[in-house]
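For reference, the structure is listed below as structure tokens.
The values are calculated or read from the model by the stated rules, or taken from the named source; none is laboratory data. Because the structure is a prediction, the values reported are computed rather than measured. Note that we place each Cβ from the backbone using ideal geometry, even for glycine, and neighbour counts take in every protein chain shown.
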Amino acid sequence: MSHAEFLPFARPDITEAEIDAVARAMRSGWVTTGPETKAFEQEFAAYLGGGLQAIAVNSATAGLHLALEAMGIGPGDEVIAPTLTFTATVEVARYLGADARLVDVDPITLNIDPARIESAITPRTKAILPVHYGGLACGMDAIFTIARRHGVQVLEDAAHALPSSAGGTLVGQLPSAAAVFSFYANKTMTTGEGGMVVTKNEALAARMRVMRLHGISRDAFDRFSSRTPAWYYEIVAPGFKYNMTDMAGALGRVQLARLPAFLRRRQQLAARYLHELKDLPLLLPADAPQGDTHAWHLFVIRLRGDAKVTRDEVIQHLSDAGIGTSVHYVPLHRQPYWQGRYGLTPEQFPEAELAYQRMLSLPLFTAMSDDEQTRVITALKACVR
Ligand SMILES: *Cc1c(COP(=O)(O)O)cnc(C)c1O
């Protein structure tokens, strides 16, 4: 197999429409946060059904940091998160001097296990950070029940969940403090780098808007378009530099308009994988409950106990066939920093451990052709037994 036709694990879906929109932003003379970003925020909130504040940022990591800061998380506090996630979910707690309590996942959904959240709660717990793994929303009713019982807040890491729904409600409209979406290159839509925080809480939104840009009480665009003298601003806190550029905002607007088509394509690709791979000794990803939407950011397969090949052998076979894969994720309890800080052992996370040993993520992206997917399916059928 020629590697000239290497099929990557993910590839952004960028057309001339996105390129034109970015070029228009560049030619407009306003390249930092401005009219494109503002319109993107409004369109994003409308996409999720409105009644929300949407705050565009330069990454989901920045958005998670802003949200926790606005929620009042600080030194000595604890947040609860799944071990099977990207480090960004919890590193932001450390930025604020807080700590993370990592918990195991549900073996079917690979989402945080609500039963284990309860036993991780301490008097220092301030927030639960569910991650909608792969685009399958967590069982949020159980999480909100625990949060209310213990008086802790919920911040959703919705990096994979555009769009996903739980109990018929879109992620972004659920009654959490905030939800944070990612527009990183391989996510369900991209702005190159970028993210969006959504919340229904006006006070949280106001704090995040201020902290997004140096603690300035109004952002540059407002400053230049209001009656206040252009040169005047007030610093009310030591803020961050997390605002989105108008090139990214312009790119995001075009991607957002294409999101319904992106979702349909992801659903098609996922349905075909589910159908074609069902007779192999694999654990296929759980679909969303009837009536709910799975964003299908990832398609994670796991080798069953009766499979005669290892995960690493499957990855090697696919790689030899010119097919890229990935592993989501090396669990955080295995990462030197988190393992060492909390003295974690694999035995504390049996489900994430088992999943990790046997999982790989297949190529799944909207620009992928049916023929490309056939190559993946054929290569898997040739090696998984
Ligand atoms: C991608 C990702 C993030 C971080 O997103 P960025 O926009 O790259 O900062 C956070 N959490 C999860 C689960 C992710 O997959």
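On the given criteria, is Thr228 under 28 Å from Ile14 (Cα atoms), out of contact with any strand residue (DSSP E or B) (no Cβ under 6 Å at 6 or more places or on another chain) and either of a type outside the set (D, E, K, R) or not in a loop (DSSP other than H, G, I, E, B) (or both)? No. Among residues of segment 128-143 that are under 21 Å from Ser361 (Cβ atoms) and among the aromatic types (Phe, Trp, Tyr), those with a Cβ under 7 angstrom from a residue that is within 13 Å of the ligand (Cβ to nearest atom) and at pLDDT 95 or above, sequence gap 6+ or separate chain, pair up as Tyr133/Leu84; Tyr133/Leu110; Tyr133/Asn111; Tyr133/His160. Residue pairs whose Cβ atoms lie under 6 Å apart, separated by 6 or more positions or on different chains, with the first residue in segment 153-170 and on the phi > 0 side of the Ramachandran plot and the second away from the ligand (no atom under 11 Å from the Cβ), are Gly168/Gly291.
Residues of segment 28-43 include none that is within 30 Å of Val154 (Cα to Cα), within 16 Å of the ligand (Cβ to nearest atom) and without any contact (Cβ under 8 Å) to a residue 12 or more places away in the chain.
Condition check ((1) of a type in the set (Asp, Glu); (2) modelled with pLDDT of 95 or more; (3) within 16 Å of the ligand (Cβ to nearest atom); (4) not in a loop (DSSP other than H, G, I, E, B)) across all residues:
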residue	(1), (2), (3), (4)
Ala270	no, yes, no, yes
Leu280	no, yes, no, no
Asp287	yes, yes, no, no
Asp292	yes, yes, no, no
His297	no, yes, yes, no
Lys308	no, yes, no, no
Gly340	no, yes, no, yes
Glu372	yes, yes, no, yes
Arg385	no, no, no, no
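Of all the residues in segment 167-199, those that are within 13 Å of the ligand (Cβ to nearest atom), of a type in the set (S, T, N, Q) and crowded, with 24+ Cβ neighbours inside 10 Å number 3. Meeting the requirement of 2 or more residues that are in contact with a Leu (Cβ under 8 Å, 6 or more places away or on another chain), the helices (runs of 4 or more DSSP H) wholly within segment 1-120 are 16-28, 35-47, 60-70, 88-95. In segment 236-250, is there at least one residue being within 29 Å of Gly168 (Cα to Cα), surrounded by 14 or more Cβ atoms within 10 Å (Cβ to Cβ) and among the polar types (S, T, N, Q)? Checking segment 236-250: not a single residue is within 29 Å of Gly168 (Cα to Cα), surrounded by 14 or more Cβ atoms within 10 Å (Cβ to Cβ) and among the polar types (S, T, N, Q).
Taken over segment 64-83, the criterion of being over 20 Å from Leu102 (Cα atoms) and within 16 Å of the ligand (Cβ to nearest atom) is satisfied by Leu66 alone. If you check Glu351, Glu347 for being acidic (Asp, Glu) and buried (at least 16 other Cβ atoms within 10 Å of the Cβ), only one passes: Glu351.
Residue under question is Ala93, and the condition is that it be touching a residue at least 40 places away in the same chain (Cβ under 8 Å), crowded, with 24+ Cβ neighbours inside 10 Å and within 14 Å of the ligand (Cβ to nearest atom); does it hold? No.
The set of residues from segment 121-145 being farther than 23 Å from Thr345 by Cβ, within 16 Å of the ligand (Cβ to nearest atom) and part of a loop (DSSP other than H, G, I, E, B) comprises Pro130, His132, Leu136, Ala137, Cys138. Against the criterion of being more than 20 Å from Arg212 (Cβ to Cβ), under 21 Å from the mean Cα position of the chain (by Cα) and more than 16 Å from the ligand (Cβ to nearest atom), Phe86 does not qualify. Filter segment 58-84 down to the residues that are in contact with a His (Cβ under 9 Å, 6 or more places away or on another chain) and of a type in the set (Val, Ile, Thr) and list them by number. Within segment 58-84, Thr83 is the sole residue that qualifies.
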